[in-house]
Amino acid sequence: LKRTKTILNYLLTIILTFRNVEIKDFENVEKKILKIVLEGKNNVHIVSDFDMTITKYWHNGRKSPSSHDIITKSSTVSDEYHKKCEALKAKYYPIEISPDLTDDEKYPYIVDWYKNANQAILDEKIHKDDITTMCRENSVVFRPGIKDVFQTCRDKEIPFLVFSAGVQNVIQESLVQSDLLYENMKVVSNTMSFNEETGICDKFVGQLYHVFNKNNFGLEGTEYEKKYKNRKNVIVCGDSLGDIKMADGAEHETCLSIGFLNLNKFKMLNKYMNTFDIVITDDGSFDLVNEILRLLN
Ligand code: TMP
Ligand code: MG
């Protein structure tokens, strides 16, 4: 009981010190965090989105690159491919983030975007080795506090799944180049497959993920499944409303969801607060997650 009280006091103090944290049902959040903390590091795992969650939204006054952008903006691709992808993004991204359309209305457009974007990658005939070059040329911008999250999860052996509608190969290489991919981690996303003889990308393997179908990470029967299978609590982090579905692929007793609301704050805050337990606004840091992880024994 004494430990419970100490944890609750601590939580209250830290949550109140963060200016950009919004919580609709404080009591429920307290209950969830308390259960996660008391049941400890062996009973929890993390599922997090990549683009604009693990990475920042803004960098030096401009939007930071997504995993797709790392390919699009590379000097190794043709001008034609670059222009095509920029045009697709200019057409479809405003639909993805529109506060005035429902998810059902957005859905067919997003599917079209991904079909076109993947086809463009195939048409470009990208070589395996180019991925390494692309990630060196333009690096993604990691959100403040995420490196500590990764390192604490590594040290406490908490499984960390990166589940993204971006490009698996780029995300994995970006993490490797920054020394941030550890044994306890796994990256599930759209995966380019390269011809064994030519080294050229000739297909995508596995499921196609876009921002509205992230409800099944498809890890049944894998080594990684063994790591999270018996853990009853999960922390989910994402920046799109669709990211709330990310933990649906496994059963849990407690799911603590954290949503990063990076833009359209005034129009979207209510929606985000009704979707995620905790909302972090203004492109904020992972500090709150670090505070929770720190409490885990
Ligand atoms: P995420 O699931 O890791 O957030 O990745 C999805 C994001 O990728 C989504 O918000 C839009 C972005 N995206 C691009 O930047 N360029 C593209 O060509 C495509 C298809 C998606
Ligand atoms: Mg995202």
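The values are calculated or read from the model by the stated rules, or taken from the named source; none is laboratory data. Just so it is clear, the structure is predicted and the values come from calculations on it, not from any experiment. Note that we place each Cβ from the backbone using ideal geometry, even for glycine, and neighbour counts take in every protein chain shown. Areas reflect the complete protein model, heavy atoms only, side chains present, ligands, DNA and RNA absent. Shrake-Rupley method; radii C 1.70, N 1.55, O 1.52, S 1.80 Å.
Which one is most open to solvent (accessible area, probe 1.4 Å), of the residues in the range 220-256 that are at pLDDT 95 or above, acidic (Asp, Glu) and closer than 30 Å to LYS267 by Cβ? If we take residues in the range 220-256 being at pLDDT 95 or above, acidic (Asp, Glu) and closer than 30 Å to LYS267 by Cβ, then ASP239 is most open to solvent (accessible area, probe 1.4 Å). Taking the criterion of being more than 15 Å from PHE286 (Cα to Cα) and among the aromatic types (Phe, Trp, Tyr), the only residue of the range 5-19 that qualifies is TYR10. Got at least one residue in the range 271-279 being assigned to a helix (DSSP H, G or I), modelled with pLDDT of 95 or more and of a type in the set (A, V, I, L, M, F, W, C)? Yes - at least one qualifying residue is present in the range 271-279. Looking only at the range 268-291, decide whether some residue is within 16 Å of ligand 2 (Cβ to nearest atom), under 20 Å from ALA117 (Cβ atoms) and open to solvent by 10 Å² or more (accessible area, probe 1.4 Å). No, the conditions are met nowhere in the range 268-291. Checking VAL211, VAL162 one by one, the residue that is closer than 19 Å to ILE235 by Cβ and within 14 Å of ligand 1 (Cβ to nearest atom) is VAL162 and no other. Screening ASP69 with (1) among the acidic types (Asp, Glu); (2) in contact (Cβ under 8 Å) with a residue 24 or more places away in the chain; (3) open to solvent by 20 Å² or more (accessible area, probe 1.4 Å) gives one miss only, at (3).
Does LYS91 meet the test of being free of Cβ contacts under 8 Å to residues at least 60 places away in the same chain and buried (at least 18 other Cβ atoms within 10 Å of the Cβ)? It would help to see each step written out before you state the result.
On the way: free of Cβ contacts under 8 Å to residues at least 60 places away in the same chain: yes; buried (at least 18 other Cβ atoms within 10 Å of the Cβ): no.
No; evaluated as a whole, the condition is false for this residue.
Any idea which residue in the range 80-108 is nearest to ligand 2 (Cβ to nearest atom), counting only those that are aromatic (Phe, Trp, Tyr) and over 16 Å from ASP239 (Cα atoms)? Let's see the steps before the verdict.
At the first step, the residues of the range 80-108 found to be aromatic (Phe, Trp, Tyr) are 81, 92-93, 107.
Okay, now just the ones that are also over 16 Å from ASP239 (Cα atoms), so 81, 92, 107.
Values: TYR81: 23, TYR92: 14, TYR107: 17 Å.
Among those that are aromatic (Phe, Trp, Tyr) and over 16 Å from ASP239 (Cα atoms), it is TYR92.
Within the option set SER193, SER164, being open to solvent by less than 10 Å² (accessible area, probe 1.4 Å) and in contact with an Asp or Glu (Cβ under 8 Å, 6 or more places away or on another chain) holds for one residue only, SER164. Residues of the range 2-11 include at least one that is closer than 24 Å to ASN274 by Cβ and open to solvent by less than 60 Å² (accessible area, probe 1.4 Å).
What are the residues in the range 31-56 that are more than 10 Å from ligand 1 (Cβ to nearest atom) and surrounded by 18 or more Cβ atoms within 10 Å (Cβ to Cβ), if any? Of everything in the range 31-56, those that are more than 10 Å from ligand 1 (Cβ to nearest atom) and surrounded by 18 or more Cβ atoms within 10 Å (Cβ to Cβ) turn out to be LYS32, ILE33, ILE36, VAL37, LYS41, ASN43, VAL44, HIS45, ILE46, VAL47, LYS56. Identify the single condition in (1) more than 12 Å from ligand 1 (Cβ to nearest atom); (2) surrounded by 24 or more Cβ atoms within 10 Å (Cβ to Cβ) that VAL170 does not satisfy, given that it satisfies every other one. Against the list (1) more than 12 Å from ligand 1 (Cβ to nearest atom); (2) surrounded by 24 or more Cβ atoms within 10 Å (Cβ to Cβ), VAL170 comes up short only on (1). Given the criteria closer than 21 Å to MET246 by Cα, outside any loop (DSSP other than H, G, I, E, B) and touching a Lys or Arg at 6+ places or on another chain (Cβ under 6 Å), does HIS45 qualify? Considered against the rule, which asks whether it is closer than 21 Å to MET246 by Cα, outside any loop (DSSP other than H, G, I, E, B) and touching a Lys or Arg at 6+ places or on another chain (Cβ under 6 Å), HIS45 comes out as yes.
The residue pairs whose first member lies in the range 28-54 and is closer than 17 Å to GLY145 by Cβ and within 16 Å of ligand 2 (Cβ to nearest atom), whose second member is open to solvent by less than 10 Å² (accessible area, probe 1.4 Å) and of a type in the set (Lys, Arg), and whose beta carbons are closer than 7 Å, counting only pairs six or more residues apart or on different chains, are ILE54/ARG143.
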